[in-house]
Amino acid sequence: MTAEPPLKQESKKEFRCGTLFYTKNGLIALFCWLLWGDFCFTIMEAVVPSLIPLKLRGLGAPNWVMGMILTTIPNLLNMTIAPYVSVKSDNCRSRWGRRIPFIVSTMPFLCISLIMLGWSKEIAEWCQRVIPMLNSWAPATVAIVLIGLFMTIFQFFNLFVNSIFTYLFNDVVPPSHLGRFAGTFRIVGTGASALYNFLAFKYAQTHMHEIFLGATILYLVGFGIMCLMVKEGEYPPVDATKSKSYGGIYGIKNYFKESFSHSFYWFLFVSAGILAMAGAAWGFTMFFQLEMGMSLDEIGKLNAVTMVVSMVATYFAAVYVDRWHPLRVYSYICIFVVIGTGMNWIWLFIDLPGTYFFWLSLASSLLYVFMNALIGASSLPMLMRLFPHSRYGQFCSAQGIIRSFCSILAGLLFGGYLDLLRIFVGDGYCYRFNFTWSTAMMFINCVAVVWGYRIWNKMGGDNGFHPPAPWNEKGYEEVALVPTTGLHPKYLRIALRMMDALMIISLLVPLFILFFFRTHGMEKAFSHFIFYVIPLSALTLVIWIFLARGIYQDMRRAKRGEPMHNGLPHHGLMIVIASKFLLAIGLWIAQLWVAVAFNNDKWAIVFAMGNVVTNLLVCFCTWILIRLERGVTPPIHLDEIPDCIP
């Protein structure tokens, strides 16, 4: 495979995207209008998933019904209609462009459905007054049915925007600025969500009508102005021969044959589907937080603070995604995120006062902010790098089919799972099991990511990957190769030393806290630390030393020009991961302090064993990364490897 010759460098004063040309000021204006549209759209979209669950729960709707309304029906619509909309938009030619007409034409209907959702209870009462046959129904039942109907209408028209809005970026933003725009786009979306959570969400139960009305007006006016101000360029005419051969909506047979033709794309489809299944549990996080004693005000502030910090983190994350390659970033973080979801299992055994749980949850959320920002910043550029450019919209919609199917399945299964748990553990405890579901899904996603990453490396990786394209003569589409940074052993050694500190401190803290157990009469905690926590922490340190030794040996082999036995994990991502878990020691110490303050042996034991399991999983995930990079020889800065290393 050979890469295309580099494109001619654009003028510093003029930027091009297809037939569109921008001056510097024009490009700034384009960014402002697109980001303003994203702000309005994000606020509107934040209202429905945050308020409708409260409405349904207040009406006594069972979890399986909420899962069907919030997850199954919307994804069923997305699964069947989004591919049609995507392909129809690709082939649309109008004086207004090929994307904006779909957005503008659906805007009035979307706004009407949003208003009907806000006033669903009042509409249900009116229906019972004017339709006699509904008098035999319970008022709550009528309201739930109408919410399901209005949600279906809302999701039908909203998917037009969801399916097309991001495609507009490829059509109007110069390729040289797509990465920077994607990062800024995510920052603005996060900021809008944070603003909503901080200012409006605490009034969810007292001023629901006003929130729905405000979101509707903002979307209608703000997003509408964006559609007027952003201009699309001219597009090549649709190939009549191709259109005829595919027929109708691009030809169902050819659509699926091309989209699912190569095993590499299946990795991206499966990963998106599994994350959608994990998302079924994330949608019930608010109920878990309420179950743990947090107020709506605290939940809103927790989300807002996390989102504000995430905005800052995303700014820096966007810089590194291109340097380290978005697929590598996505894969590494997905592997280690399994640990975060798994560690929430401790709340199955611990009941803290709501205020303490709020502060510990806030600290935990902030620790994962940069890792989550890396995943968020890498998702869109990853698809742009890995999907064939000629059929980008088609492959995005094919991924959407898998994601929607999995969301439908998860909505039914997870809702039933919670209802079954409610029978055994009670209504005030079942939402703590959210994390058992999400942990299982993230582990499966980890397997899919490892599989896809290895295929990508075999197909050229950083230096030679081109999207497979069985439909053309070459079997692949040539794309410009974006250079990535090589491996810096100097920074990898820093990451390993940070991991050393993590394991050593995890052994010293239990030894130090034994004194406090004695002075507070916590004999059970004292004995468990002596016989279980300290020996297991020492064992984890030994395991880590063995793993680190293997990495150092491969550095020496690289220095001598010998083949490596395994592989060297990426230096930058290892520093990110090591920093997160090293900082988490502070959270663990705070947890132990709370246990001592309440003189609770059980809490101390659970928090300590949770840290032991976390460190064991860190070792396991590091071993996966070593195996993941096996057989890969990236450009290595050999001058950074000293002659004598540990």
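The values are calculated or read from the model by the stated rules, or taken from the named source; none is laboratory data. Note that the structure is a prediction, hence the values are computed from the model and not measured. Cβ atoms come from the backbone with ideal geometry, glycine included; neighbour counts cover every protein chain shown.
For (1) at pLDDT 90 or above; (2) surrounded by fewer than 19 Cβ atoms within 10 Å (Cβ to Cβ); (3) of a type in the set (A, V, I, L, M, F, W, C); (4) not in a loop (DSSP other than H, G, I, E, B), each residue gets a yes or a no:
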residue: 316; (1), (2), (3), (4): no, yes, yes, yes
residue: 334; (1), (2), (3), (4): yes, no, yes, yes
residue: 342; (1), (2), (3), (4): no, no, no, yes
residue: 370; (1), (2), (3), (4): no, no, yes, yes
residue: 393; (1), (2), (3), (4): no, no, no, yes
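Does segment 582-600 contain any residue that is assigned to a helix (DSSP H, G or I), aromatic (Phe, Trp, Tyr), at pLDDT 95 or above and over 26 Å from residue 460 (Cα atoms)? There is no residue in segment 582-600 that is assigned to a helix (DSSP H, G or I), aromatic (Phe, Trp, Tyr), at pLDDT 95 or above and over 26 Å from residue 460 (Cα atoms). Segment 69-134 holds helices (runs of 4 or more DSSP H) entirely within its bounds, and those carrying 1 or more residues that are within 28 Å of residue 229 (Cβ to Cβ) map to 73-90, 100-118. Sub-7 Å Cβ pairs linking a first residue in segment 14-32 that is outside the structural domain of residue 227 (by TED's automatic domain parsing) and in contact (Cβ under 8 Å) with a residue 24 or more places away in the chain to a second residue that is in a helix (DSSP H, G or I) and exposed (fewer than 15 other Cβ atoms within 10 Å of the Cβ), at least 6 apart or interchain, are 15/176, ordered by first then second residue.
Screening 439, 540, 485 for residues that are surrounded by fewer than 18 Cβ atoms within 10 Å (Cβ to Cβ) and either over 29 Å from the mean Cα position of the chain (by Cα) or of a type in the set (Ser, Thr, Tyr) (or both) leaves exactly one candidate, 485. Here 261, 271 are screened, and the one residue that is part of a helix (DSSP H, G or I) and either at pLDDT 85 or above or surrounded by fewer than 22 Cβ atoms within 10 Å (Cβ to Cβ) (or both) is 271.
Of the helices (runs of 4 or more DSSP H) that lie entirely inside segment 441-558, those containing 1 or more residues that are in contact (Cβ under 8 Å) with a residue 60 or more places away in the chain and either polar (S, T, N, Q) or outside the structural domain of residue 617 (by TED's automatic domain parsing) (or both) span 461-464, 489-519.
Looking only at residues of segment 200-213 that are part of a helix (DSSP H, G or I) and touching a residue at least 40 places away in the same chain (Cβ under 8 Å), we find that the one that is surrounded by the fewest Cβ atoms within 10 Å (Cβ to Cβ) is 209.
Mind telling me which of the residues 71, 42 ends up being of a type in the set (Val, Ile, Thr) and modelled with pLDDT under 80?
On the way: 42 fails: modelled with pLDDT under 80.
Going through 71, 42 in turn, just one is of a type in the set (Val, Ile, Thr) and modelled with pLDDT under 80: 71.
With respect to the conditions (1) at pLDDT 85 or above; (2) out of contact with any Leu (no Cβ under 8 Å at 6 or more places or on another chain); (3) part of a helix (DSSP H, G or I), residue 412 falls short on a single one, namely (1).
For segment 366-421, give me the residue count where each residue is over 18 Å from residue 255 (Cβ atoms) and not small (Gly, Ala, Ser).
Qualifying residue count, segment 366-421: 26.
Residues that are free of Cβ contacts under 8 Å to residues at least 24 places away in the same chain and of a type in the set (Lys, Arg) do not occur anywhere in segment 163-183.
Checking 40, 32 one by one, the residue that is assigned to a helix (DSSP H, G or I) and farther than 26 Å from residue 282 by Cα is 32 and no other. Checking every residue in segment 147-158 against the condition of being among the aromatic types (Phe, Trp, Tyr) and in a loop (DSSP other than H, G, I, E, B) gives zero matches.
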